[in-house]
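First comes the structure, then the notes that go with it.
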Amino acid sequence: MSRPADGSANWGKASRQWSSVGSPLRPCAEDVAFTEAAIDRQFGQTGRPPAAVLLGVTPELAACRWPAGTRLTAVDNSRAMIDALWPAPGVPDGAAVLCADWRGMPLAAGSIDIAVGDGCFSAAPFPDAGTICREIRRVLRPGGLLSIRLFTRPERPETVDGLREAIAAGTVGNVHALKWRVAALVQPRIEAGARLGDIWDLFQQLAPAIAPFAGQPGWRADELATLDRYRDNDLRFYFPTLEEFRAVSAPWLEEVGRGHGTYPLAERCPTLLLRAN
Ligand SMILES: C[S@@+](CC[C@H](N)C(=O)[O-])C[C@H]1O[C@@H](n2cnc3c(N)ncnc32)[C@H](O)[C@@H]1O
């Protein structure tokens, strides 16, 4: 199993900046609606409120429209993130949180109707993605669902010059969309991931192109400041192509649906619906 570099410290800082982080890094209403449709679909099939797992403590998913009687358990291995974000206002009555690893969750096999998550396969080292899918499959009952938003990179990489031109043309959208485009560029291969310090370095090269937008919505000082914690940071995020994700998930989970929103870079951030057969 791989071990992330100082992940807890990173997520602690991230949790303090949560209000300055926007889509695509946080799920927006369109993403939440996709997950709610998956929850409704599961409820419709079983006829009873679900036993559900939230992978992480993403507030938007914790407090989405769960049926009355849902038994929700959130699982996150960062105590700092749990302390900062749990419980979100509006979580289902009786919702619980476990400080535990997705690679080995303290949950009984076949006990869960639906698992939901946001960006989980970019937060955990990608070499562990197959193990995490297997573990999700273990806790889901047959027919159970996983609704997961991915942060992917395109099959055909863009270039630094192309990205600089897109910034100048005003088509990037916001600093968070730019972070993920830069991340895809600095990631040498999926197993290595994108080192946050390398994302910060390339951002500095792009600073002259960004400067004209400073202060505008999506490029406010507090939003740009979410980059500060990336400087000299050895932590890595992981950006698989859709096919790379499918290669590790397919042995355990069958893809039965996919959708994405309309915010900047939404096309790289699909929510996949997968079923345990
Ligand atoms: C849900 S993911 C992505 C959240 C958000 N969309 C973003 O990109 O910032 C972030 C969470 O994953 C948690 N995490 C990362 N790897 C984990 C693992 N192997 N087991 C449990 N939690 C993990 C971190 O502690 C963090 O709270």
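Between segment 30-82 and segment 136-189, the alpha-carbon centres lie 23 Å apart. What the chain shows is 42 Å² of accessible area per residue, with the surface traced by a 1.4 Å probe over protein heavy atoms. Summarising the overall dimensions of the chain from its C-alpha atoms, the Rg and Dmax are 18.2, 56 angstrom. Note on Glu267 and Asp228: their simple-model spin labels are 3.5 nm apart, each label 7 Å out from Cα toward Cβ. Helical runs assigned H by DSSP (4 residues or longer) give the chain a calculated mean residue ellipticity at 222 nm of -10500 deg cm²/dmol, each run adding -39500 (n - 2.57) before division by the residue total. Of Asp232, Asp118, the order by accessible heavy-atom surface (1.4 Å probe, DNA, RNA and ligands excluded), from most exposed downward, is Asp232, Asp118.
Using C-alpha pairs below 8 Å separated by at least 6 residues, the relative contact order for the chain is 23 percent.
Each residue, Ala100 and Arg48, gets one label point 7 Å from its Cα in the Cβ direction; the gap between the two is 2.0 nm. The portion of the accessible surface of the chain made up by carbon and sulfur, rounded to a whole percent, is 52 (1.4 Å probe; DNA, RNA and ligands excluded).
Using a simple spin-label model with pseudo-atoms 7 Å out from Cα toward Cβ, Glu191 and Ala250 lie 2.0 nm apart. Here segment 160-237 is assigned +1 on the Cβ of each Lys and Arg and -1 on the Cβ of each Asp and Glu. Its dipole about the Cα centre then comes out at about 120 debye. When peptides 253-266, 154-167, 71-84 are ranked by their average number of other Cβ atoms within 10 Å per residue, the highest-first order is 71-84, 253-266, 154-167. For the peptides 106-113, 129-136, the ranking by packing is 129-136, 106-113, with the highest mean count of neighbouring Cβ atoms within 10 Å listed first.
The values are calculated or read from the model by the stated rules, or taken from the named source; none is laboratory data. Remember, predicted model here, so these are calculated numbers, not experimental data. When we count neighbours, we look across all protein chains shown, and the Cβ atoms used for this are built from the backbone with ideal geometry, even at glycine. Heads up: the accessible areas ignore ligands, DNA and RNA and are worked out on the full protein's heavy atoms, side chains in. Shrake-Rupley method; radii C 1.70, N 1.55, O 1.52, S 1.80 Å.
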